[in-house]
Amino acid sequence: MRSALRTLALMVQISWRADAARSVFAVITAVGQMASLPLRAIGLKILTDGFVAADRSEALRGAAVVLALSALHRLMLHASLNVRMRLRENTQLYLDSHIMDLTAGIPGLEHHERPEYLDQVELIRNERGYLANPFNPISWTIASIFQSASVVAMLVGVHPALALLPLFGIPTAWATGRGEYRLVALVDGQAEGNRVLRHHFELATKPESAKEVRIFGLTDELLRRRRARFDVLERERRQLGLERVLLSTGAWLLFAAGYVGALVFTVRAASRGDATVGDVVLVLSIGTQLDQQLAELGENVAWFVRTHRAVRRLRWFTDYAEGVHAALTPAAPAAVPDRLAGGITVEGVSFGYPGTGTAVLEGVDLQLPAGSTVAIVGENGAGKTTLVKLLCRFYEPTAGRILVDGVDLRSIPVDGWRRRVATGFQDFAMFQLLARETVGVGDTSVDDDADVLAALARAAAAEVVDELPTGLGTQLGREFDGGVELSLGQWQKLALGRAMMRETPLLLVLDEPTASLDAPTEHRLFERFAGAAQDAARERGAITILISHRFSTVRMADLILVIAGGRIAEAGDHATLMRAGGLYAELYDLQARAYR
Amino acid sequence: MANGVLRLLRVFASVDRRLTVAVTALGGSQGLLLPSFTLAIGALAGAVESGASATGPLVALAVLFTLQRLLDPVTTELGSILAREVDEALTARVMRAMAEPPGLAHVEDPEVLDAALQALGGVTGTTPGASAVQLPFIIKRRIWYGSSLLIVGAYRWWLVPVLLVAYGIAFRFLRSHHDQVTLVMHGQTDRLRRAYYLRTLALTHTVAKETRVFGLAPWFVDRYRSSWLDVMRDIWARRNERWREIVGLAAGLVAVEGLAFWLVATDVAAGDLGVAGGVIVTQALVAAAAAGQFDWIYLEPAQGNLALDKLDVLEQRAARARDALAGGPPPAEAPTRSIRFEGVRFTYPGRDEPVFDDFDLEIDAGRSLAIVGENGAGKTTFVKLLARLYDPDEGRILVDGVDLRHIDPVTWRRRLAPVFQDFLQLEVSAHDNVAFGALGVDGDVARAGNLAGAASLIARLPSGWNTVLSREFTGGTQLSGGEWQRLALARALYAVQCGAGVLILDEPTAAMDVRGEAEVYDRFLDLTRGVTTIVISHRFSTVRRADRIVVVEHGQVVEDGSHAELVARGDRYARMYQLQAARFVEGPTDPTVAETSA
């Protein structure tokens, strides 16, 4: 109950924050719209009594009431349709922003990678529709109470015993609520299945997968698989549907019995002369109204159950986000150093991805001296990228710690640290925005083309923009009108430009930055990076980390770390490692052989 | 509205005829119950007033009421089953309309992408199937209104046309008002998609790392809000128009209905109409009054109808795109002689600069060719033209002497086995990731995996070949870039095993580690023996093994020869090669050392 109240409070809060004025108006129109109907029954009663008394003016008075209420009802209906649509849109915007902020604002990556979290996030997205109008059930509930009160008052006016009639409707509300709870549980269980459906849809419709879908002729297979999965999900839904129909049918039969009983009661009273013909008509029309109201009550109970569930999920996600933030907020925050004096020390760090049970890194110890260029090499899956992810604080080590100039990285606020980290990743983002934005988001505080161009120059990527029809103002990607598609190498150059937007990073991470680049560009880039790294090292002791399979590049680093089996297998500069004749020398020779 | 309802019914029936008939019949019988109910009420009132036995009307009322209550849940349930089936069927139609046209221009056309979103109600938030839930209730209401008007007509026939016209005008006015708002929304689809794209960026994991490093969450939210609000302001303005007309309409309806009520009251007072008759006619008038209303129940079918218009547009575009790239069967086992590009000119839609201009190249069947060039030189475009994902603007591509324009792309592509640079990462099992290379052929997936060096990777997976390759699914595993690439290579090799004759390798080792790369180039000759192979790479370790190498620059072949020939020539290729090779030479770098050791 308390949780239901909290949910209700949050529902009100969401609607209020999204659009306060329309929230109130939605309640007023809903009440007005619903109140006009029972009042119309009074008009009809006056009309009927006028008929019976053959009193034309009384009948017309009744008609006037009916007509005025009908007109009011029409106008209210139009107004409330508009208001509810607008309120729904505004609430969706509010919730979208909130969910975006939560999802993208959580410093870690765990919620993006574990099925149980993804299910929740996905359901929150799908349930935006229910959350988008929390005032709906509330306003309908208020209106229903008003309506029920007036109905009961009118029934009592005929005979007090008739006030029992609404009680026969209780089972219908219970049946709907129960059915809805089961449905909500089913939807929860089907989240993963629905993700499969969406993946197949996207493969068939997105430009990114279009080439292979066509060349390998995947269309029919994708459709077949989607349909097969849909059928599995649909069977479960139909099974539940049948149960719900049976449940509510039973409940409605009870109400029908009550209604017929009330009718017989009134007719007999009328035949005794204890009630008028108008009373019979009143009970008849109230009965059908009550029936309508109960159906609406059922819908609202269902709506409430769904909304309650959605709000609870949102609350869970908000709490989760706050928990992550709290866990990452140091009790005594240390300042991010202006410059690195000693460097970064990794002490006994172990790490395994949450939920996988296997350790990727085990007891890693290493020292990244300030001002150095460090290359990390190792085979696919050895844990190179994982180490970088820890340094960027996408995850926290499961054991051990990372020290920046002797200060535990955990005591440095994540945001502050990341402002001094620049990254170029292997799976870089291809933002289908204006070229200016695609690069410029590397530093959202900058709003000057000159800075964007300078960053592009640092990344040896200026010519990509030179070739675009409208330069930095060009829309990139094929998704939108007027967009220009780039080759993968060109996208990668822009991603590097984005990394170069940060002018004073303490840590520059380049994870396979040249996988898609041609030889001359790679060469130019490394000469430039080497120069920039030296400058950065002199000015602020910045460390450049390079992950690469290209030993031609790796050998230029001051320090080379070889990762194997979750540990640092070898460390040293190129000459030392070659002399040692270990894994590094073996891999180097393997690659060099191709050029001999 | 009638046309709209009939059209929806036609579409629904094409998906599931029995269900559509059932839902329509249930709606219809509910509609018939309501006027019967009105009549029974009148009879009861008459019986009570005259002191006659009320048993008959009471029993009738009890039966009618119970029936109505029983039909309602069944109707709703069947309606929602139909809604899901319709949406699934329409989704499949959109998937087909997007994926089936053989060319890429179709799926890259923003108008087509807009229509795909609109057709499934992505703009309004209402799917076409959603109206299947409303439809029986609309039918019910229509019958109810119609039979109520019949009752009114039995009293005064001329009231029927008067009311019909009045309610018709009111309803049509309101529907066209809301339709116009929907059309305004459709007109803004490109802008809405941009806004939704920003939302997607904040929510998807693919860009999650950069979102965090660059602190982009607030930027995404701001941009999403402002671009969405920009679009919606126009829509809201449109929706709030026309209040004066709507109030006028309400007043007009009061006048018409007032006339009817006045007539009834006068006749009853004068004794020309009995009390029971008076009650029945007024009940019928009140029931019919709802015919002039337009609420949620009509909004969704209206939006659904406009979405179906877009599906028609999408399917017409798809049919045209399909016809544009038609052709006959390719020569048997093609290519047996060569693939020849002759004076090919190609410009991407929307770009000014051609990628190729008067491009000539002959590829010998059964041999390997490497294409080298800088980023953006058109290497990947070359592959797209070869696969007939686009047709050249000028010139032609000949496969064993037959113009590719006359060859059916679907059949031709069964001859191709590509690994693209941005290869597909399918969230299905490892087995299916490879087997998708040649659907419908029962080949040896494990052999292709071994050949691509994926055996140890598969051995590490929790359920071996059956592991789903995405951490997003229970029991699934995420692969690294290099691991994915091995599977993509296995997919192409599987296609070759199953009969494809052209192997296309676009940067096949870019994400692989040293061993993976070494394995691929060590096996290069085995992998490509007897298969027409085209390899595109920046890594000379792979390139140099090809029988023949061409350097492409500004859409032209500028150098052509074997590795040894091109290095000896000392021009572009030699320079690019030495840039990489020199770094592997110990001691002071001297390009000549690299060259002589080659």
- [ ] For the stretch A:555-595, name all the residues that are away from chain B (no Cβ under 11 Å) and part of a loop (DSSP other than H, G, I, E, B).
- [x] A:A557, A:D558, A:G565, A:G566, A:D573, A:G581, A:G582
Task: Of all residues making up the stretch A:51-84, the number that are more than 7 Å from chain B (Cβ to nearest Cβ) and either closer than 11 Å to B:F261 by Cβ or part of a helix (DSSP H, G or I) (or both) - done: 15
Open item on the list: For the stretch B:359-400, give me each residue that is of a type in the set (S, T, N, Q) and either closer than 22 Å to B:E100 by Cα or part of a loop (DSSP other than H, G, I, E, B) (or both).
Closed with: B:N375, B:T380, B:T381
Open item on the list: Going by what's in this entry, would B:A492 be described as more than 24 Å from A:E113 (Cβ to Cβ) and either facing another protein chain (nearest Cβ under 10 Å) or among the β-branched types (V, I, T) (or both)?
Closed with: yes
TODO: From the list A:L403, A:L387, A:L409, pick out the single residue that is at pLDDT 90 or above, more than 30 Å from B:R191 (Cα to Cα) and buried (at least 22 other Cβ atoms within 10 Å of the Cβ).
DONE: A:L387
Task: Selection from the stretch B:108-151 of residues that are of a type in the set (V, I, T), part of a helix (DSSP H, G or I) and away from chain A (no Cβ under 11 Å) - done: B:V133, B:I138, B:I139, B:I143, B:I151
Task: Residue list for the stretch A:269-304, restricted to those being within 18 Å of A:A257 (Cβ to Cβ) and either among the β-branched types (V, I, T) or facing chain B (nearest Cβ under 9 Å) (or both) - done: A:V283, A:L284, A:I286, A:G287, A:T288, A:D291, A:A295
TODO: Specify the residue that is farthest from B:T474 (Cα to Cα); the eligible residues are those in the stretch A:128-167 that are at pLDDT 75 or above and within 14 Å of chain B (Cβ to nearest Cβ).
DONE: A:V158
Task: Residue tally, condition over 31 Å from the mean Cα position of the chain (by Cα) and aliphatic (A, V, I, L, M), over the stretch A:362-391 - done: 9
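Residue-by-condition table, conditions (1) touching a strand residue (DSSP E or B) at 6+ places or on another chain (Cβ under 6 Å); (2) in contact (Cβ under 8 Å) with a residue 24 or more places away in the chain; (3) facing another protein chain (nearest Cβ under 10 Å); (4) over 21 Å from B:R491 (Cα atoms):
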site: B:A511; (1), (2), (3), (4): no, yes, yes, no
site: B:V520; (1), (2), (3), (4): no, yes, no, no
site: B:G530; (1), (2), (3), (4): no, yes, no, no
site: B:E553; (1), (2), (3), (4): no, yes, no, yes
site: B:Q556; (1), (2), (3), (4): no, yes, no, yes
site: B:E565; (1), (2), (3), (4): no, no, no, yes
site: B:A574; (1), (2), (3), (4): no, no, no, yes
site: B:Y577; (1), (2), (3), (4): no, yes, yes, yes
site: B:R583; (1), (2), (3), (4): no, no, yes, yes
Open item on the list: Filter the stretch B:217-239 down to the residues that are without any contact (Cβ under 8 Å) to a residue 12 or more places away in the chain and either in contact with a strand residue (DSSP E or B) (Cβ under 8 Å, 6 or more places away or on another chain) or within 7 Å of chain A (Cβ to nearest Cβ) (or both) and list them by number.
Closed with: B:W219, B:R225, B:M232, B:W236
TODO: State which residue is nearest to the chain's Cα centre (by Cα) when the search covers only the stretch B:464-483 and only residues that are over 22 Å from A:L197 (Cβ atoms) and modelled with pLDDT of 90 or more.
DONE: B:W465
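One line per residue, one yes/no per condition, for (1) in contact with a strand residue (DSSP E or B) (Cβ under 8 Å, 6 or more places away or on another chain); (2) aliphatic (A, V, I, L, M):
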site	(1), (2)
A:F431	yes, no
A:A455	no, yes
A:A460	no, yes
A:D466	no, no
A:E479	no, no
A:G483	yes, no
A:Q490	no, no
A:G497	no, no
A:E503	no, no
Open item on the list: Cβ-Cβ under 8 Å, sequence separation 6+ or interchain: first residue in the stretch B:428-453 and touching a residue at least 24 places away in the same chain (Cβ under 8 Å), partner among the hydrophobic types (A, V, I, L, M, F, W, C) and in a strand (DSSP E or B). Which pairs?
Closed with: B:V428/B:V468; B:S429/B:V468; B:G437/B:A417
TODO: Would you tally the residues in the stretch B:414-430 being surrounded by fewer than 22 Cβ atoms within 10 Å (Cβ to Cβ) and not in a loop (DSSP other than H, G, I, E, B)?
DONE: 1
TODO: Please work out which residue is nearest to the other protein chains (Cβ to nearest Cβ), limiting yourself to the stretch A:433-451 and to residues that are surrounded by fewer than 20 Cβ atoms within 10 Å (Cβ to Cβ) and not charged (D, E, K, R).
DONE: A:T444
Open item on the list: With the structure loaded, tell me whether B:A166 is over 23 Å from the mean Cα position of the chain (by Cα) and within 30 Å of A:M76 (Cβ to Cβ) or whether it fails that test.
Closed with: yes
Open item on the list: Here are the criteria: (1) surrounded by 20 or more Cβ atoms within 10 Å (Cβ to Cβ); (2) within 14 Å of chain A (Cβ to nearest Cβ); (3) under 27 Å from B:Y494 (Cβ atoms). Tell me which single one B:V399 does not satisfy.
Closed with: (2)
- [ ] Report, ordered by the first and then the second residue, all pairs with beta carbons closer than 9 Å, sequence separation of six or more or different chains, a first member in the stretch B:281-297 that is more than 9 Å from chain A (Cβ to nearest Cβ), and a second member that is assigned to a loop (DSSP other than H, G, I, E, B).
- [x] B:V281/B:R156; B:V281/B:L273
- [ ] Using the structure shown, decide if A:R268 is assigned to a helix (DSSP H, G or I) and under 33 Å from the mean Cα position of the chain (by Cα).
- [x] no
- [ ] Hey, can you tell me all the residues within the stretch B:257-276 that are assigned to a helix (DSSP H, G or I) and either surrounded by fewer than 20 Cβ atoms within 10 Å (Cβ to Cβ) or polar (S, T, N, Q) (or both)?
- [x] B:G258, B:L259, B:W262, B:L263, B:T266, B:D267
Task: Residue list for the stretch B:65-107, filter: part of a loop (DSSP other than H, G, I, E, B) and β-branched (V, I, T) - done: B:V107
Task: Condition broken by A:R229, with the remaining ones in (1) without any contact (Cβ under 8 Å) to a residue 12 or more places away in the chain; (2) under 20 Å from A:G193 (Cβ atoms); (3) more than 7 Å from chain B (Cβ to nearest Cβ) satisfied - done: (1)
Open item on the list: So B:A302 ticks every box in (1) more than 30 Å from B:R523 (Cα to Cα); (2) free of Cβ contacts under 8 Å to residues at least 60 places away in the same chain but one. Which box is left unticked?
Closed with: (2)
Task: Number of the condition not met by B:E507 [criteria: (1) closer than 26 Å to B:S338 by Cα; (2) modelled with pLDDT of 90 or more] - done: (2)
Open item on the list: Being in a loop (DSSP other than H, G, I, E, B), more than 26 Å from the chain's Cα centre (by Cα) and more than 25 Å from A:R114 (Cβ to Cβ): is that true of A:V446 here?
Closed with: yes
Task: Residue ranges of helices (runs of 4 or more DSSP H) in the stretch A:463-554 with at least 2 members more than 7 Å from every other protein chain (Cβ to nearest Cβ) and more than 30 Å from B:Y197 (Cα to Cα) - done: A:519-540, A:551-554
Open item on the list: Based on this model, can you work out whether A:V260 counts as in a helix (DSSP H, G or I), free of Cβ contacts under 8 Å to residues at least 24 places away in the same chain and not hydroxyl-bearing (S, T, Y)?
Closed with: yes
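The values are calculated or read from the model by the stated rules, or taken from the named source; none is laboratory data. Treat the numbers as computed from the prediction; the structure is a model and nothing was measured. Reconstructed Cβ throughout: ideal geometry from the backbone, glycine too, with neighbour counts over all protein chains shown.
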